[in-house]
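Trainee: Submitted below is the structure of interest, expressed as structure tokens.
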Amino acid sequence: MTITEDTRLQDATTPAALPADAEELARMRRRRAEKIGQWLLPTLVVLLSLVAWDRIVVINEIPHYILPRPGLVAKTLVEDWPILFDSLLVTLQITMGALAIAVLGGVGLAVLFTQSRWIEMSFFPYAVILQVTPIVSVAPLIFIYVDSKIAGLLICAWIVAFFPILSNTTLGLRSADHNLRDLFNVYGATRWQRLRFLQLPSALPYFLGGLRIAGGLSLIGAVVAEYVAGTGGIGSGLAFRILEAGYRLNIPRMFAALLLIALTGIVIFASLSFLSHMLLRKWHESAIKRET
Amino acid sequence: MTALAASRASADAGARPPLLSVSHVDKVFGRDVVALSDMNLEVGQGDFISLLGPSGCGKSTALRLIAGLSHPSSGTIRWAQERKDGDLSVVLQEPTLMPWATVAQNVFLPFRLQGRRYRAVRDEILEALKLVGLEKFQNAYPRELSGGMKMRVSIARALVTRPRLMLMDEPFAALDEITRFKLNNDILAMREKIGCTVIFVTHSVFESVFLSDRIVIMAARPGRVIRELAVAEPYPRSEAFRTSPDYAAQCRAASEALKEAMGAHDDH
Ligand SMILES: Nc1ncnc2c1ncn2[C@@H]1O[C@H](COP(=O)(O)OP(=O)(O)OP(=O)(O)O)[C@@H](O)[C@H]1O
Ligand SMILES: [Mg+2]
């Protein structure tokens, strides 16, 4: 028996010698310009804002304990680096710890929810309540009942971060293709096999979307909880540095700490996006570059 | 005698050892949607049965019942010998591949669900892929394949366990005519090699005549079998059969039977 192959996979490119038409050339030019613009424009905006900031401070003679010049912030960042870096580590630790627990808790609960409708009906409302109650209003209570400050911070950050993972993963576990589900049934798959080979892979893109949101939220949760926990003791994170600097009117250091928090958020988001891309690039539409 | 001879199911199936029998099966959805009413079908080993009928006549419902995906409201479906792992496979209208898995991993699925290791069945997987002509695409992902190739992977997955019964629900309905003809030829060729029984749901008179030796014609509201035709052309059938006057005559006869089926009820 011979089967002629479908031709889709065969090379569809035109020989390089062919002259591209005007439309193609214009499109290629546009794409190149966009690629450069993507980096160049935000950089320009930042530079211009910094210059404007600097000029405003100088022209209006604003004292540095109200608004420092950008140069001073940079200088403070370098000079206070040992203190700030220690605090950064603390904040990162809380953030990562909370994110890790959020992943375990969120995915675990999602799996439970999809295994049993009854469990979902019983507990989902509480997950929602936990999510919609502002963390600043719950945090003081947590710090009363939990002795360890680190544990309190972790709990706060976890509460903020786990919901997107839970709801996205639940949605993903549910969205496995119906036909595939039938197929698994025909082949007599067990509950565990269906979870492992069908539902979890189907949920991966949804989970990763939730993870990206949760990454940012756990940083926010960590910072907010620290504000509530207030000063003192071991484990002083960046939020504590900001509070402390505020009391002492050390505004440049406040800005430096703020800058570090923002950068941390960006790094977290970028690395989670990268992780997501690496895991999905082979098969998921979201990660596949369009050829046209 | 014309090659197309009308016959009752039992008369024809009597010639072959039985595989499965559907007797007096009804399926009612909700309280009053009668999807299938008093269906009887004796499936013999090696039969190629087409279920042909208008939309909504219960073809898919019948297939799902036979596959064990749902249960009859009344009546029974019995296998002549006990059904074992891998005895049954299905091919649906969509290729239904796992997008996160490679072609080979997709074909591996039935074995994986039996708890077998990839290494132990690698030869079978390769063999199945060879049968559908895709051995070069083992490591491709479904999104890299055309519609026809995806369907081939789906067929390879169905063949890989060497099933005794293969259920196909309009597998080629979404494909273009040329690809469909090619796959029709290929399906027959594969069946020659594997020798499994096929129940094939289709809307197309031409497809059913070309492929099957028994055509079960169904009507809607309520879904039921109204008659059965036999196609006497022996296998293997080639492209020549498709252009023969015999084929044309049988298609005409089947069309008329189908028209009768649809006329038997008012609302079409
Ligand atoms: N799960 C279900 N719940 C309720 N009604 C259903 C269900 N599945 C099928 N039906 C009804 O049963 C009847 C037969 O449906 P079925 O899908 O078996 O038809 P079919 O012959 O396969 O049609 P088509 O050619 O369009 O695929 C239809 O009227 C349909 O609406
Ligand atoms: Mg159908």
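The values are calculated or read from the model by the stated rules, or taken from the named source; none is laboratory data. Remember, predicted model here, so these are calculated numbers, not experimental data. Note that we place each Cβ from the backbone using ideal geometry, even for glycine, and neighbour counts take in every protein chain shown. The protein model used for the area step is the full one, side chains on, heavy atoms only, and it has no ligands, DNA or RNA in it. Shrake-Rupley method; radii C 1.70, N 1.55, O 1.52, S 1.80 Å.
Listed here are the residues, each with its yes/no results for (1) over 18 Å from the mean Cα position of the chain (by Cα); (2) crowded, with 22+ Cβ neighbours inside 10 Å.
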position: A:203; (1), (2): no, yes
position: A:218; (1), (2): no, yes
position: A:257; (1), (2): yes, yes
position: A:277; (1), (2): no, no
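Trainee: Hey, another quick one. Counting only residues that are at pLDDT below 90, give me the helices (runs of 4 or more DSSP H) lying completely in the stretch A:187-256 with at least 3 of them.
Mentor: The helices (runs of 4 or more DSSP H) meeting that bar are A:200-229, A:238-247.
Trainee: Can I ask one more? Note down all Cβ pairs under 7 Å where the first residue falls in the stretch B:249-268 and is more than 16 Å from residue B:50 (Cα to Cα), the second is of a type in the set (S, T, N, Q) and modelled with pLDDT under 75, and they're at least six residues apart or on different chains.
Mentor: From the stretch B:249-268, the pairs are B:249/B:2.
Trainee: Considering only residues that are within 13 Å of residue B:165 (Cβ to Cβ), more than 16 Å from ligand 2 (Cβ to nearest atom) and not small (Gly, Ala, Ser), look in the stretch B:48-77 and name the one that is farthest from the other protein chains (Cβ to nearest Cβ).
Mentor: So, considering only residues that are within 13 Å of residue B:165 (Cβ to Cβ), more than 16 Å from ligand 2 (Cβ to nearest atom) and not small (Gly, Ala, Ser), the one farthest from the other protein chains (Cβ to nearest Cβ) is B:48.
Trainee: Would you please name the residue that is nearest to ligand 2 (Cβ to nearest atom), looking only at residues in the stretch B:1-47 that are modelled with pLDDT under 90 and buried (at least 17 other Cβ atoms within 10 Å of the Cβ)?
Mentor: The qualifying residue nearest to ligand 2 (Cβ to nearest atom) is B:9.
Trainee: Another question about this same structure. Going through the stretch B:61-76 one residue at a time, which ones are within 15 Å of ligand 1 (Cβ to nearest atom) and either under 17 Å from the mean Cα position of the chain (by Cα) or open to solvent by 90 Å² or more (accessible area, probe 1.4 Å) (or both)?
Mentor: Residues satisfying the conditions are B:61, B:62, B:63, B:64, B:65, B:66, B:67, B:69, B:71.
Trainee: As an exercise: evaluate residue A:239 against (1) open to solvent by 10 Å² or more (accessible area, probe 1.4 Å); (2) touching a helix residue (DSSP H, G or I) at 6+ places or on another chain (Cβ under 8 Å) and give the number of the one condition it does not meet.
Mentor: So residue A:239 meets the others, but not (1).
Trainee: Any idea which residue in the stretch B:175-191 is farthest from the other protein chains (Cβ to nearest Cβ), counting only those that are within 13 Å of residue B:235 (Cα to Cα) and open to solvent by 20 Å² or more (accessible area, probe 1.4 Å)?
Mentor: In this case the residue turns out to be B:191.
Trainee: Now a separate question. Tell me which of these residue B:26 doesn't satisfy, since it passes every other one: (1) within 8 Å of ligand 1 (Cβ to nearest atom); (2) closer than 22 Å to residue B:262 by Cβ.
Mentor: Failed condition: (1).
Trainee: Another question, then. Against the condition aromatic (Phe, Trp, Tyr), outside any helix (DSSP H, G or I) and away from chain A (no Cβ under 14 Å), how does residue B:210 come out, does it pass?
Mentor: Against the criterion (aromatic (Phe, Trp, Tyr), outside any helix (DSSP H, G or I) and away from chain A (no Cβ under 14 Å)), residue B:210 does not qualify.
Trainee: Restricted to the stretch A:272-292, and to residues that are assigned to a helix (DSSP H, G or I) and free of Cβ contacts under 8 Å to residues at least 12 places away in the same chain, which residue is farthest from residue A:73 (Cα to Cα)?
Mentor: The first filter runs over the stretch A:272-292 and keeps only residues assigned to a helix (DSSP H, G or I), leaving A:272-280, A:285-287.
Cutting the leftovers down to free of Cβ contacts under 8 Å to residues at least 12 places away in the same chain gives us A:274, A:277-278, A:285, A:287.
Working: A:274: 30, A:277: 35, A:278: 36, A:285: 43, A:287: 38 Å.
Once the filter is applied, the top-ranked residue is A:285.
Trainee: Also, quick follow-up: Scan the stretch B:198-228 for residues that are acidic (Asp, Glu) and away from ligand 1 (no atom under 16 Å from the Cβ) and jot them down.
Mentor: Residues satisfying the conditions are B:213, B:228.
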